[in-house]
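For reference, the structure is listed below as structure tokens.
The values are calculated or read from the model by the stated rules, or taken from the named source; none is laboratory data. Values in this document were obtained by computation on a predicted structure and should not be read as measured data. As a convention, Cβ positions derive from the backbone with ideal geometry for all residues, glycine included, and neighbour counts pool all protein chains shown. Just so you know, the surface numbers come from the protein's heavy atoms only, side chains and all, with ligands and any DNA or RNA stripped out. Shrake-Rupley method; radii C 1.70, N 1.55, O 1.52, S 1.80 Å.
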Amino acid sequence: MVSVVSRATRVALREMALEAGAREAATVVAPFVVATVVLAGLGLGPRPDVLRSAAPGVSWLVVVFAAVPLARSVAAAEREEGCWDLLRGLAPASALLWGKVAALWVWLAAAWAVATLLTAALFNASTTAMGALGGGLGALGLAGVTVLFGAIIGAQRRSGMLAVLLLPAGLPALLAGTQASTPGVDAGAWIALLVAYDLITLAVAWAAFPVLLEG
Amino acid sequence: MTRTARPRTRLVVVGLVSVAALGVLAASGLQDSLVYYRTPSEVAARPRSTTQRVRLGGLVQRGSVREDAGSVRFVLTDGAAEVVVLHRGDPPGVFQEGQGALVEGTFDGRRLFRSDLLVVRHSNEYQGADGETYRPPDAAVGAATP
Amino acid sequence: MSRGAVERVLGVLAALAAAALVVLGLLVAPPDAVQGQAQRLMYVHVPAAWVAYLAFAAVLVCSVAYLVRRDLAWDRRAQAAAELGVGLTGLAIMLGSIWGRPVWGVWWTWDPRLVTTVVLLLVYVGYLGVRGLAVDAHVNARRAAVVGVAGFVNVPLVHFSVVWWRTLHQPPTVLRPAGPASAIEPVMLVALLAGVVAFTLGAGWLYLRRLRVLARRAAPPPVSVGARPVPSVTVVRGDGE
Amino acid sequence: MSADGAMSLSLECVSCCFGPTVALAPLTLRMSPGTVCLVTGANGSGKTSLLRVAAGVTRPTTGSRRVPGMAVYLRSGDGARAFQTPRQAIRFVGGMRDSPGSVEEALALLGLSDIADRRVRELSAGQRARVTLAVALVCRPALACLDEPTAHLDAEGSVLAGEVLSRLVGDGAAVLVATHDDRVLGKVADSRVHLRDGVLQAAPW
């Protein structure tokens, strides 16, 4: 158990170091988030009340869509740069899974935070503590789903397939995250849904990941 | 190398975690939040905003329908509370008194609900036009409270 | 009975059931008192949805069987079932939309039943898309099996969405706790059951045909152990120089 | 000959097919610990398939594979991400294998000390091949499957590759090497096998 935790930590730290070097998540996701929020602001029209009520939904939509390019870091990038086979041999499946989930959790939560701050500024929307809690919880479940489907797709080919699988699987996070961060909605029940979503996605990812790592 | 758990162990863990997750959901009272429409009693109990869009469902009260050119006015009820609905546009063909209906729109003043979308909600009960051969019991109640 | 004979018998039975469905559904059953002629769409919409559930359950069973046995025959069964399920779900959504237009007054609405059904369709479209990503048939089969097992979560969600949540879609008529007897006129129920039988037989017929095509395409591995002596090398220290 | 249970690699009647293509016809290959086996053959003769099946990264179509411990498959240039530095890549491997002490030693052995903090993508192909060899060394595997380890390497580098093989063998590993360069590596080889169209040729061929 200790060795799995320490190895998962090493995998996660390696992801952080890679991001510090390549800034792939930052350069792919940050412009995407900004562009989407700005375009959504223009597309949803000039009425301030419409924009304000759409803000939580726009933030979450951006996060769910950002998971698609981020999934590349799970297996596709490793494979292209000749590290996937080494990683599979080097790390126990659970260490690889939790390390990758931890890293994606950070990227997705960051994407949510940036999107939420942007909508707060551009759409004049307010943010709540419950919304932030929902952001963290939703990003965790979404990270589990992203790692699972990133390993399933495995390569850059047909990443549209990834979208068609990832987006429906991210639907509970989209729905509950949006409601939890909408002012005036009783957030407690939605937070509970996010906790249930996290439990289920992480358990399924844990159970299925070793099957996907086999040769 | 740490050994990977056996497939059956993994399935059992997923099952247990799913049960726990469903328990969390059951305890959360999400049922009340995740509704497609509200009933007249529910909106009567809450303060009304004149800007917020509401989806309202209930039974069309018998004898309340008045059709004008391009609009229809009727009373939507759930047995406890009533809302007067003014719908702009022609109602769908199967719209009739005593049937379930859903309207979308905003409240205007105290009791008038201005709707721009009228959807008929049909029950899960079916019978031929010749009602004498077959008469399902409590047909009206079933439509309002699923 | 040979495989081909089963297939032919199923085909004939499916055709007969379909003929019975047409007669019962269009001629014998009366139009609904409230919905009129549009209600006749029930005799195809409901069977399509039911047989789609059945197909996805078959995907689940075959996917688990593949993961346990690692036999590509189970994977082919799962694939054929998923293809049927996707087609029938699409059909059910289309027919439901056509039914909804005259009865509800809209083609589509954001109701839990409708949304969960579309998600179900998307997931299994993804399931089919995951195949063919890798060169190795077993890698494809394994990835698909994971999606096939995890994706089945949607099926109870779709079925019970109308019971758990307040929806526009009507709750089940036949599969309800009190039974169908008090909710639907017997002749309508007979027509509906004829639809279910016709769809099930037709789906079974298509399934067998598809399975045959898939099995023909998947030739057995072109190697056989034991046909000739297998070259054998054992490396021990200091063998070479 | 040692008993079968003590083998570092046993492939029994293993074959590898991709659809109708036979990449590797059935063969049996056993390696005892501390041995080097060179795999030669023309392009497309099945060398890589053999190495991947042996390392366990590709599932064999028929037959069984057994390796008591960790196996690694490394192509020349593999083992480090483009934006890692050689030191980061090798330190990660050392950490995962609980052998952090060998990191600097491997860097020094392969002449990477001066470039250990540059990004891998700024390195030449030969330098990357050296990083791959350092990764293999730090892995301390039971079985190392090295695919063309001397590709892009200069004469001095090829000698270093031979040195790496010796050290792996010294640690008790079995090393399976696909190569066209058997002048240098042949010196440390215990055995050679030749593949022709996926069929293992019995030595001497």
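Given their separation in residues at 0.36 nm each and the Cα-Cα distance between them, C:ARG209 and C:VAL118 gain 30.1 nm when the chain is fully extended. Where in the range A:118-155 does accessible area fall by at least 30 Å² between the isolated chain and the complete protein assembly, at a 1.4 Å probe radius? Those residues are A:ILE152, A:ILE153.
Ordering C:GLY85, A:ALA26, B:ALA21 by Cα displacement along the dipole of the protein assembly as shown toward the positive end leaves C:GLY85 in first place; charges were set at the Cβ atoms of Lys, Arg (+1) and Asp, Glu (-1). Per residue, the range A:2-213 exposes 35 Å² of accessible surface when a 1.4 Å probe is rolled over the protein heavy atoms with every protein chain present. Taking the average, over residues, of other Cβ atoms within 10 Å as the packing measure, peptides D:125-134, B:52-61 rank D:125-134, B:52-61 from highest down. The listed peptides D:171-177, C:49-55, ordered by packing as a protection proxy, come out as D:171-177, C:49-55 (highest mean of other Cβ atoms within 10 Å first). Per residue of C:194-204, other chain Cβ atoms within 10 Å of the residue Cβ number 0 on average.
Each residue of the range A:113-120 was assigned a 3J(HN,Hα) from its phi angle through the Karplus expression (A = 6.51, B = -1.76, C = 1.60, θ = phi - 60°), giving 4, 5, 4, 5, 5, 5, 5, 4 Hz with x at Gly and Pro. Based on the alpha-carbon gyration tensor of the range D:41-105 and its eigenvalue square roots a ≥ b ≥ c, which shape applies: rounded if a/c is under 1.5, prolate if not and a/b is larger than b/c, or oblate? Verdict is oblate for the range D:41-105.
Going from the isolated chain to the complete set of protein chains, the range D:174-201 loses at least 30 Å² of heavy-atom accessible area (1.4 Å probe) at D:ASP190, D:SER191, D:LEU200. Surface exposure of chain D, expressed per residue as accessible area with a 1.4 Å probe, stands at 37 Å².
Take the accessible area of A alone and of B alone, subtract that of the pair with a 1.4 Å probe, and the total buried over both chains is about 1600 Å². Extending 7 Å from the Cα toward the beta-carbon at both C:VAL23 and D:SER64 defines two label points whose distance is 6.1 nm. Rounded, prolate or oblate for the range A:38-137? Axes are the square roots of the Cα gyration tensor eigenvalues, ordered a ≥ b ≥ c, and the cut-off for rounded is a/c under 1.5. Prolate is the answer for the range A:38-137, as a/c is 1.5 or above and a/b outweighs b/c. For the peptide A:200-210, the mean number of other protein chain Cβ atoms found within 10 angstrom of a residue's Cβ is 6. Across the range C:109-115, coupling constants 3J(HN,Hα) worked out from phi with the 6.51/-1.76/1.60 Karplus curve, θ = phi - 60°, read 8, 8, 9, x, 4, 5, 5 Hz, and Gly and Pro carry x. Put simply, chains C and D cover up around 2200 Å² of each other's accessible surface, both sides summed, when a 1.4 Å probe is used. Ligands, DNA and RNA are left out, and with a 1.4 angstrom probe the accessible area of the range C:58-214 is 38 Å² per residue. Taking the C-alpha atoms only, the angle from helix D:155-170 to the longest principal axis of chain D is near 70 degrees.
With the simple model of a label 7 Å out from the Cα in the direction of the Cβ, C:ARG69 to A:LEU39 spans 4.8 nm. In the protein assembly as shown, helical runs assigned H by DSSP with n ≥ 4 each contribute -39500 (n - 2.57); averaged across all residues and rounded to the nearest 500, the mean residue ellipticity at 222 nm is -18000 deg cm²/dmol. Most simply put, the protein assembly as shown has about 60% antiparallel DSSP beta bridges, counting only bridges with both residues inside it. For an R0 of 60 angstrom, estimate the FRET efficiency from the Cβ-Cβ distance between C:GLN37 and A:VAL5 and round to the nearest 0.05. For C:GLN37 and A:VAL5, the calculated efficiency is 0.35. Ligands, DNA and RNA left out, the 1.4 Å accessible surface of chain A is 73% carbon and sulfur atoms.
Using a 1.4 angstrom probe and counting only protein chains, how large is the accessible area of D:HIS180 in Å², to 10? Surface accessible to solvent at D:HIS180 totals approximately 110 Å². The label point for D:ARG121 and the one for B:SER71, both projected 7 Å from the Cα toward the Cβ, are 6.4 nm apart.
By the Cα gyration tensor, the range A:95-214 has an equivalent ellipsoid whose semi-axes, rounded to whole angstrom, run 27, 15, 12 from largest to smallest. Contact with the other protein chains removes 50 Å² or more of accessible area, compared with the isolated chain and a 1.4 Å probe, from these residues of the range A:75-90: A:GLU81, A:GLY82, A:ASP85, A:LEU86, A:GLY89, A:LEU90.
Annotation: peptides B:12-23, A:56-67, A:128-139, ranked by per-residue average of other Cβ atoms within 10 Å with the highest first, follow the order A:56-67, A:128-139, B:12-23. Counting, for every residue in D:139-146, the Cβ atoms of other protein chains within 10 Å of its Cβ and taking the mean gives 1.
State the Cα centre-to-centre distance between the range D:148-205 and the range A:34-69 in whole Å. Between the Cα centres of the range D:148-205 and the range A:34-69 lies a distance of 58 Å.
Interface D-A: total buried accessible area of about 2100 Å², 1.4 Å probe, protein heavy atoms only.
What shape does the range A:2-213 have by the C-alpha gyration tensor, where a ≥ b ≥ c are the square roots of the eigenvalues, rounded means a/c under 1.5, and otherwise prolate means a/b greater than b/c and oblate the rest? Cα axes put the range A:2-213 in the prolate bin.
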